[in-house]
């Protein structure tokens, strides 16, 4: 599935963001997957999301899943690094 197809599928499913969060068991990792898919769909020069893109994705997931506050961008990036995921 292409990144664009995956993003459309996620957006069309009412519980798509919930499933993403459940699958990853981590807001940071879920946000990284969403941010990376957006980078790839936009055909940006990099497939590595920035901290700004990561936090924006985390905010979207939190909003759609009814979560409270989102951790700082540096905290999300640190969690991604611990999971072996690169963030710029």
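Is it true that residue 27 is out of contact with any strand residue (DSSP E or B) (no Cβ under 9 Å at 6 or more places or on another chain) and either at pLDDT below 95 or under 17 Å from residue 86 (Cβ atoms) (or both)?
No; evaluated as a whole, the condition is false for this residue.
Give just the number: which of (1) farther than 22 Å from residue 6 by Cα; (2) surrounded by fewer than 16 Cβ atoms within 10 Å (Cβ to Cβ); (3) in contact with a helix residue (DSSP H, G or I) (Cβ under 7 Å, 6 or more places away or on another chain) does residue 79 not satisfy?
Failing condition for residue 79: (2).
The values are calculated or read from the model by the stated rules, or taken from the named source; none is laboratory data. Fair warning: this is a prediction, and the values are worked out from it, not measured in the lab. Positions of Cβ are generated from backbone atoms using ideal geometry, with glycine treated the same way; all protein chains shown enter the neighbour counts.
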